[in-house]
Amino acid sequence: MRIFADATFAEVYLQRGRTAITLVSAFKDDATMALGASAPTKANFSVYPMKAIWVDEAAVRATPRSYAGWSA
């Protein structure tokens with residue numbers, strides 16, 4: 001199970017990505033998440049912070065082109 005969440009949505013991927021659940025919501029900074037099971041279950045988990053996807057114009061212009069033969 002992989003869970004990705006930010007202030008606008010949460011996505012849960014199950015069965016190695018074959019099943020996905022998306023919840024669109026406005027989460028607050030102090031939001032919590034809980035998982036439940038109908039039978040005793042042992043789980044190991046890790047939490048990783050995600051970096052922002054937003055960059056400035058200079059960073060976009062400095063990125064190497066991924067296609068050859070094109071010029072502005």
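The values are calculated or read from the model by the stated rules, or taken from the named source; none is laboratory data. Quantities reported herein were computed from a predicted structural model and do not represent experimental measurements. Note that each Cβ is placed from the backbone with ideal geometry, even for glycine, and that neighbours are counted across all protein chains shown. Surface areas here come from the heavy atoms of the whole protein model, side chains and all, with no ligands, DNA or RNA. Shrake-Rupley method; radii C 1.70, N 1.55, O 1.52, S 1.80 Å.
So the values come out like this:
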item	result
Charge dipole (debye, nearest 20) of the stretch 14-65; +1 at Cβ of Lys and Arg, -1 at Cβ of Asp and Glu	360 debye
Value of [θ]222 nm, deg cm²/dmol, for the chain, DSSP H segments ≥ 4, -39500 (n - 2.57) each, nearest 500	-2000 deg cm²/dmol
Charge-dipole axis of the chain as Lys and Arg at +1 and Asp and Glu at -1 on Cβ define it, positive-most pick from Ala43, Phe9, Met33	Ala43
Semi-axis lengths (Å, descending) of the ellipsoid that matches the C-alpha gyration tensor of the chain	36, 17, 12
Whole-number accessible area per residue in Å² for the chain, which is evaluated in the context of all protein chains at 1.4 Å	104 Å²
Most to least packed among 38-45, 9-16, 53-60 [average Cβ atoms within 10 Å]	9-16, 53-60, 38-45
